[in-house]
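Have a look at the structure below, then the notes.
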Amino acid sequence: MDVQRRGAGAEISRLRKEFGSGAGRVVAIEEVNLTIRPGEFVCIVGPSGCGKSTLLRILAGLDHATGGRIKVDAAGWPVANAMVFQDSGLFPWMNVEKNVAFGLMTRGVPGAEIAARVEAALRLVGLTRFRRHYPHQLSGGMRQRAAIARAFVTDPGMLLMDEPFAALDAQNRTILQGELMRIWEETGKTIIYITHSIDEALLLSERTVVMTALPGRIKEIKDIPFPHPRDVMALSASPAFGALKLDIWRILEAEVMRARAELEK
Amino acid sequence: MSAKARERLLYLISPIGLLLAWQILLMMGLGDRRFIPAPTDIAVRFWELAASGDLAVHTSVTLYRVIAGFLIGAIPAVAIGLIMAMFNPVRIFCDPLIAAIFPIPKVALMPLLLLAFGFGDASKIALVAIAVFFPVIVNTYTGAANIDRIYWDVAKNYGASSYVMFTRVVFFGALPLIFAGLRIAVAVSFVVLVAAEFVASKSGLGYLIWNSWELLQVDYMFVGIVVIGVLGLITAVLLQELERIVVPWKAE
């Protein structure tokens, strides 16, 4: 299966991010160079506190880099990017429909068009029956689906996902990973996906970027050659998957240990 | 009978028991009924005042002043509180003023307000408005400033303008605390208004209480006290119901 790729590309060069100043200065990201191809699904894995979320926040425009630059080729995309957060970030005072429509409402899209696009997005994530529900009436998995619909409905150049399934239980996570895979295969959107789980990175991505512990640098970039369409459950049981997982763990292991030693100091 | 209904019924035991004990002790001749009227004496006076129309006049005057003052104080307090949370310069400008004026007992401003607005309704409404303004603005600001960071991030990432931010995000995010402020404000507004009506009014429930005291008509005085208590209770319940409708996500 060939995925029809429709998304923005990005070129990150020599990116650097520092927090604080003087003695309390922390270098969160250093010398990050990465080219994202249009329509690509990239996962970024690394130990906790390796700056991977910071990298995503800079891409999302929520944080400023201290140095380096990001060139996003989002020509032709009305919305450069849309982010999916770990805690859905749905507004508790809006029902599902209003939440999903938020990024269209803010951009002045006409009402009739909003209705049609929200309808399509809700169908994409299987939430049409829950359009009038408020977030507190939904399960964690349904909230994340709504958050994904809210991102997709804006038709962004790229999707930025920050451990979106980390707070879900294992079964829900597997189901949502499968659905995200299907949605990506249908839409061919550029997705940059942050996770600390090697499994998740292997299941979802075409390339996995392994980052080092503080300061966050790119240690290695691995191609994940599994074909599409992917059945995430079957894939996770295959010997090739196991071999690659071990491979990446070996790369990551030293960094995780280093991050732990750093914490215990 | 459901457990909830039984619990509600049990709630009535202490007030009814108190009234009964009060009545019985006075009927046994303990205490002077001229100074401490029995509940039945108060009830009789209540019907007298209600039938003559006096009670309706005093009650409606007091209610008018409370409601007008409440709205005039609360609406700008919410608006300015939200703007303070959104724009740091506004906060820096307002903060010292609020810190300085908030602790002043608002009743102390009554003579000043009489000078400014005269002896009519306006001075009383102004006093209520000022007393309401501070708890509401402080709560609104606190509520808006403590909105979870993720909602600011979402709004920014999804292209919200300052206007959308204000009307769709910050306002609703602050609503639970705004209501906490409004509840305090309701109680405070009755407190300051009755005090003002004691000395600076010829109408209202505060006037009824103070005037009855000066004439040593203690039973009339109690009618005023009871009516204010009931009004306070009703407004508190109404506000609670409003909150349930407007802030449905807070319930669970």
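The values are calculated or read from the model by the stated rules, or taken from the named source; none is laboratory data. Every value quoted in this text rests on a predicted model; they were computed, and no experiment measured them. Cβ coordinates were reconstructed from backbone atoms using ideal geometry, including for glycine residues, and neighbour counts include every protein chain displayed.
Please find, within the stretch A:137-155, the residue that is surrounded by the most Cβ atoms within 10 Å (Cβ to Cβ) out of those that are within 12 Å of another protein chain (Cβ to nearest Cβ) and under 13 Å from the mean Cα position of the chain (by Cα).
Per the stated criteria, the residue is A:A151.
Got a sec? Which helices (runs of 4 or more DSSP H) wholly within the stretch B:161-252 have at least 2 residues that are within 19 Å of B:F133 (Cα to Cα) and away from chain A (no Cβ under 14 Å)?
In the stretch B:161-252, the matching helices (runs of 4 or more DSSP H) lie at B:171-199, B:218-246.
Using beta carbons and a limit of 6 Å, which pairs, at least six apart or on different chains, have the first residue in the stretch B:147-160 and over 20 Å from B:L177 (Cβ atoms) and the second one charged (D, E, K, R) and in a loop (DSSP other than H, G, I, E, B)?
From the stretch B:147-160, the pairs are B:G159/A:R107.
List the number of the failed condition for A:R173; all other conditions in (1) within 14 Å of another protein chain (Cβ to nearest Cβ); (2) within 27 Å of A:D2 (Cα to Cα) hold.
Answer for A:R173: the failing condition is (1).
Determine, yes or no, whether A:N81 is within 15 Å of the chain's Cα centre (by Cα) and polar (S, T, N, Q).
yes
For the stretch B:141-160: of the residues being at the interface with chain A (Cβ under 7 Å from one of its Cβ atoms) and of a type outside the set (A, V, I, L, M), which is farthest from A:N81 (Cα to Cα)?
Checked the stretch B:141-160; the qualifying residue farthest from A:N81 (Cα to Cα) is B:Y151.
Answer with yes or no whether A:V96 is at pLDDT 95 or above, within 22 Å of the chain's Cα centre (by Cα) and away from every other protein chain (no Cβ under 13 Å).
Criteria not met by A:V96.
With the structure loaded, tell me whether A:T128 is within 11 Å of chain B (Cβ to nearest Cβ), over 16 Å from the mean Cα position of the chain (by Cα) and polar (S, T, N, Q) or whether it fails that test.
no
For the structure I just gave you, tell me whether A:A28 is farther than 22 Å from A:I198 by Cα and of a type in the set (A, V, I, L, M).
No; evaluated as a whole, the condition is false for this residue.
Those residues that are more than 10 Å from chain B (Cβ to nearest Cβ) and either under 27 Å from A:R173 (Cα atoms) or not in a strand (DSSP E or B) (or both), I need them from the stretch A:58-77; list them, please.
A:I58, A:L59, A:H64, A:A65, A:T66, A:A74, A:A75, A:G76, A:W77
For A:F91, all conditions in the list (1) at the interface with another protein chain (Cβ under 10 Å from one of its Cβ atoms); (2) assigned to a helix (DSSP H, G or I); (3) within 21 Å of A:A167 (Cα to Cα); (4) of a type in the set (A, V, I, L, M, F, W, C) hold save one; what is the number of the exception?
With (1) at the interface with another protein chain (Cβ under 10 Å from one of its Cβ atoms); (2) assigned to a helix (DSSP H, G or I); (3) within 21 Å of A:A167 (Cα to Cα); (4) of a type in the set (A, V, I, L, M, F, W, C) applied to A:F91, the lone miss is (2).
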